Structure formats: structure tokens, C-alpha cells
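Novice: Before we start, here is the structure in question, set down as C-alpha cells.
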Amino acid sequence: MRAKTPKAVVTFATTSDAMAMEAAARTHGIPGRLIPVPSEIDAGCGLSWSAEASEREELLAAIAQHNIAHQGIYEVSMY
């Protein structure tokens, strides 16, 4: 049985914002991937960005550096 691990989850107001995050991640090596928004979180868009919780500071810095619009950043235990 797999164990849940803490993840940093970034939510977005629009799908366009989520896609901008994915494009920036590819170009600049930002850790993580797009996932459906976990049920514990309410967001304007159905997509979110997930990365290991240990990469939260790197993720925050990249979001600020590349002016990526986001709605919130949460820590969620996920498989």
C-alpha cells in the first residue's frame, strides 16, 4: 500500500493561468506537474500544479520570478 506524502499544490483562477504555469515549468525547469484540483481544495480552475512539499520555496520563487498568476498555495497529503 502506498503512503501519502505532503505536496505543495498551487491553484489557479483560470485554465489559462494553469497552462502558463506548465509552459514556464517546461522552459525554466520548475519542479512538478499539472493535476486535477484535490477535493480538499476549492479553486476557480479545475487544474492545479503539484510538487513535492520540500520544493515549496523553489516553487514560490519561480512563480514570483516569472509573474505566474495563481490563486493559492496549499500543502496537501496525497498519493
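Novice: Could you grab me the full set of residues in the stretch 49-72 that are under 17 Å from Thr5 (Cα atoms), surrounded by 15 or more Cβ atoms within 10 Å (Cβ to Cβ) and polar (S, T, N, Q)?
Specialist: Matches in the stretch 49-72: Ser50 only.
Novice: Residue under question is Ala43, and the condition is that it be surrounded by 16 or more Cβ atoms within 10 Å (Cβ to Cβ), among the small types (Gly, Ala, Ser), at pLDDT below 95 and touching a His at 6+ places or on another chain (Cβ under 9 Å); does it hold?
Specialist: No.
Novice: From the set of residues in the stretch 41-56 that are part of a loop (DSSP other than H, G, I, E, B) and among the small types (Gly, Ala, Ser), which is farthest from Met78 (Cα to Cα)?
Specialist: The selected residue is Gly44.
Novice: Tally up the residues in the stretch 1-13 that are under 13 Å from His70 (Cβ atoms) and surrounded by fewer than 16 Cβ atoms within 10 Å (Cβ to Cβ), please.
Specialist: Total satisfying the criteria: 1.
Novice: Please work out which residue is surrounded by the fewest Cβ atoms within 10 Å (Cβ to Cβ), limiting yourself to the stretch 14-40 and to residues that are in a loop (DSSP other than H, G, I, E, B) and modelled with pLDDT under 95.
Specialist: Ser39
Novice: Tell me which of these Gln71 doesn't satisfy, since it passes every other one: (1) over 12 Å from Thr11 (Cα atoms); (2) of a type outside the set (Phe, Trp, Tyr); (3) modelled with pLDDT of 95 or more.
Specialist: (1) is the only condition that Gln71 fails.
Novice: What's the number of the only condition in (1) at pLDDT 95 or above; (2) buried (at least 16 other Cβ atoms within 10 Å of the Cβ) that Ser77 fails to meet?
Specialist: Evaluating Ser77 over (1) at pLDDT 95 or above; (2) buried (at least 16 other Cβ atoms within 10 Å of the Cβ) leaves (2) as the failure.
Novice: Does any residue in the stretch 11-22 that is hydroxyl-bearing (Ser, Thr, Tyr) come within less than 9 Å, Cβ to Cβ, of a residue that is assigned to a helix (DSSP H, G or I) six or more places away or on a different chain, and which pairs are these?
Specialist: Between residues of the stretch 11-22 that are hydroxyl-bearing (Ser, Thr, Tyr) and residues that are assigned to a helix (DSSP H, G or I), the close pairs are Thr11/Ala18.
The values are calculated or read from the model by the stated rules, or taken from the named source; none is laboratory data. What you see is a predicted model, and the numbers here were worked out from it, not measured in a lab. So basically every Cβ, Gly included, is an ideal-geometry build from the backbone, and we count neighbours across all protein chains shown.
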